[in-house]
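Colleague: Pasting a structure below so you can have a look.
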Amino acid sequence: MQPSDLRVALFSGNYNYVRDGANQALNLLVDYLLRQGVQVRVYSPTTSTPAFEPAGDLVSVPSLPVPGGRAEYKFAVSLPAGIRRDLEAFAPNIVHVSAPEVLGHRAVTWARKRGIATFASLHTRFETYPSYYHLGFLAPLIIKGLTRFYNRVDQVVTPGKSTADMIRGWGVTTPIGIWSRGVNHDRFNPGMRSLEWRRSLGIADDEFAIGFLGRLVLEKGLDIFAGVCNALTERGVPHRVLVIGDGPARGWFAERVPEAAFAGFQRGDALGRAVASMDVLFNPSVTETFGNVTLETMACGVPVVAARATGAIDLVEDGVNGFLVPPRDVSAYADAIARLIQNPELRRTAGAAGHAKAEAYVWDSINQAVLDAYLEMMARRTAG
């Protein structure tokens, strides 16, 4: 079978209406697949104000806003007749689902009834979310549901070995491959650093900027981030906080880090400039499966202090290009950041090591791994 023989129906809960690392990876994948001759059709909830233009043909799936103050996100409650007719007309031979939500389950069921190959990519650690909203008791139930979901498909790809090991430990027996992530090296590199841009935010050249990069939501570990900054202040360790991104928890976060400079959402080359202008990325999130922001920061020659959790442990070499810390150990995080603040040479060598490691992550070669996995899955089905 050749790439041109593949017809992929890709289901996403958020393909382009809110920008995040997962949907940017999916769009880059679709663009690559189309360039290789694969036919792709994408099914996802949409809005009238998308964050960016989609790659490929996008079919809008009827959806409702997520309750609980997260209405910027949408969820589909079914696979309606109109979408099923569109699928029948497209006649996919692979159904690729990117999220274990209602739409993903319905798509897998539709494919299995017709003997169509099913493929799942893992992007988010949904089982970690409840603990940030005082619902931690739900985690075992979510893990059980996720295990069942990934055992219903023919192939799973995860962003790294750590997430593959994790779901195997849950009891997932489906073949698991690796779909890592790439980085735009023209945009993310040490040469993008701008002291002038920092000054425009009120950060002096000799001030150490602890960076947060991502969507401002509680599950990104904002409580730990604020606690560590307060611990550094109590120790008398001078620093500034540079926040790149926005989100519903901005007000909550601003109250707890009142001296922070908020740069808001940054896009394109402006994002590369912002990332390169940090002095360290502090990423206490344990919800990451890969950590696109970690890789982008490494490519900029900036050291990383991150939670010892999935995603980060595939990228950060403790003591080499940054530090890995037990997820909620505020004191240990403060120790690691203080070392970088107080030792400019350590900061330089760690940043250089991260930059060197990031050079191997190139999008086209990364996305070829998915195409290879598609073809291997189809070959297995034919042989079986």
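Colleague: Assuming Gly301 fulfils every condition listed in (1) in a loop (DSSP other than H, G, I, E, B); (2) in contact with a strand residue (DSSP E or B) (Cβ under 8 Å, 6 or more places away or on another chain); (3) of a type outside the set (Lys, Arg) apart from one, which condition is it?
Modeller: (2)
Colleague: Another question about this same structure. Taking the conditions exactly as written (modelled with pLDDT under 95 and assigned to a helix (DSSP H, G or I)), does Ile313 satisfy them or not?
Modeller: yes
Colleague: Output the residue which, of all residues in region 98-115 that are buried (at least 21 other Cβ atoms within 10 Å of the Cβ) and out of contact with any His (no Cβ under 8 Å at 6 or more places or on another chain), is farthest from Pro62 (Cα to Cα).
Modeller: By that ranking, first place goes to Ala111.
Colleague: Within region 362-378, is there a residue that is part of a helix (DSSP H, G or I), surrounded by 15 or more Cβ atoms within 10 Å (Cβ to Cβ) and in contact with a Lys or Arg (Cβ under 9 Å, 6 or more places away or on another chain)?
Modeller: yes
Colleague: Identify the residue in region 333-384 that is over 20 Å from Ala22 (Cα atoms) and polar (S, T, N, Q) and, among all such residues, is nearest to the chain's Cα centre (by Cα).
Modeller: The selected residue is Thr349.
Colleague: Okay, moving on. So, of the residues in region 183-197 that are open to solvent by 20 Å² or more (accessible area, probe 1.4 Å) and either farther than 28 Å from Gln24 by Cα or of a type in the set (A, V, I, L, M) (or both), which turns out to be nearest to the chain's Cα centre (by Cα)?
Modeller: The qualifying residue nearest to the chain's Cα centre (by Cα) is Met192.
Colleague: Right, another one. State whether one or more residues within region 150-161 are surrounded by fewer than 20 Cβ atoms within 10 Å (Cβ to Cβ), within 30 Å of Ala369 (Cα to Cα), at pLDDT 95 or above and not acidic (Asp, Glu).
Modeller: Yes, region 150-161 contains at least one residue that is surrounded by fewer than 20 Cβ atoms within 10 Å (Cβ to Cβ), within 30 Å of Ala369 (Cα to Cα), at pLDDT 95 or above and not acidic (Asp, Glu).
Table: residues versus (1) outside any loop (DSSP other than H, G, I, E, B); (2) closer than 23 Å to Pro65 by Cα; (3) touching a Gly at 6+ places or on another chain (Cβ under 6 Å).
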{"position": "Ala89", "(1), (2), (3)": "yes, no, no"}
{"position": "Trp110", "(1), (2), (3)": "yes, no, no"}
{"position": "Ser131", "(1), (2), (3)": "yes, yes, no"}
{"position": "Phe137", "(1), (2), (3)": "yes, no, no"}
{"position": "Ile142", "(1), (2), (3)": "yes, yes, no"}
{"position": "Val157", "(1), (2), (3)": "yes, no, yes"}
{"position": "Asp165", "(1), (2), (3)": "yes, no, no"}
{"position": "Arg168", "(1), (2), (3)": "yes, no, no"}
{"position": "Phe188", "(1), (2), (3)": "no, no, yes"}
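Colleague: What number of residues in region 31-52 are in contact with a helix residue (DSSP H, G or I) (Cβ under 9 Å, 6 or more places away or on another chain) and on the phi < 0 side of the Ramachandran plot?
Modeller: The total comes to 15.
Colleague: Residues Ala91, Ala9: which one is open to solvent by less than 10 Å² (accessible area, probe 1.4 Å), more than 17 Å from the chain's Cα centre (by Cα), of a type in the set (A, V, I, L, M) and more than 30 Å from Pro248 (Cα to Cα)?
Modeller: Ala9
Colleague: So, one more: Determine which single condition Ala276 fails, assuming it passes every other condition in (1) open to solvent by 10 Å² or more (accessible area, probe 1.4 Å); (2) touching a Pro at 6+ places or on another chain (Cβ under 8 Å).
Modeller: In the conditions (1) open to solvent by 10 Å² or more (accessible area, probe 1.4 Å); (2) touching a Pro at 6+ places or on another chain (Cβ under 8 Å), Ala276 misses (1) alone.
Colleague: Hey, among the residues in region 242-253 that are among the hydrophobic types (A, V, I, L, M, F, W, C) and surrounded by fewer than 22 Cβ atoms within 10 Å (Cβ to Cβ), which one's farthest from Arg125 (Cα to Cα)?
Modeller: Applying the filter and picking the extreme gives Trp252.
For every residue, the table says whether it meets (1) over 28 Å from Phe126 (Cβ atoms); (2) crowded, with 19+ Cβ neighbours inside 10 Å; (3) touching a helix residue (DSSP H, G or I) at 6+ places or on another chain (Cβ under 9 Å); (4) modelled with pLDDT under 95.
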position: Arg199; (1), (2), (3), (4): yes, no, no, no
position: Asp206; (1), (2), (3), (4): yes, no, no, no
position: Arg256; (1), (2), (3), (4): no, no, yes, no
position: Leu281; (1), (2), (3), (4): no, yes, yes, no
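Colleague: Going by the structure shown, is Ala332 assigned to a loop (DSSP other than H, G, I, E, B), out of contact with any Leu (no Cβ under 7 Å at 6 or more places or on another chain) and either open to solvent by less than 20 Å² (accessible area, probe 1.4 Å) or of a type in the set (Gly, Ala, Ser) (or both)?
Modeller: In short, no.
Colleague: Output the residues belonging to region 220-241 that are of a type outside the set (A, V, I, L, M) and either open to solvent by less than 10 Å² (accessible area, probe 1.4 Å) or assigned to a loop (DSSP other than H, G, I, E, B) (or both).
Modeller: Gly221, Phe225, Cys229, Gly236, Pro238, His239
The values are calculated or read from the model by the stated rules, or taken from the named source; none is laboratory data. All values reported here derive from a predicted model rather than from experimental measurement. Backbone-built Cβ (ideal geometry, glycine too); neighbour counts: all protein chains shown. For the accessible areas, the whole protein counts, side chains as well, though only heavy atoms, and no ligand, DNA or RNA atoms are used. Shrake-Rupley method; radii C 1.70, N 1.55, O 1.52, S 1.80 Å.
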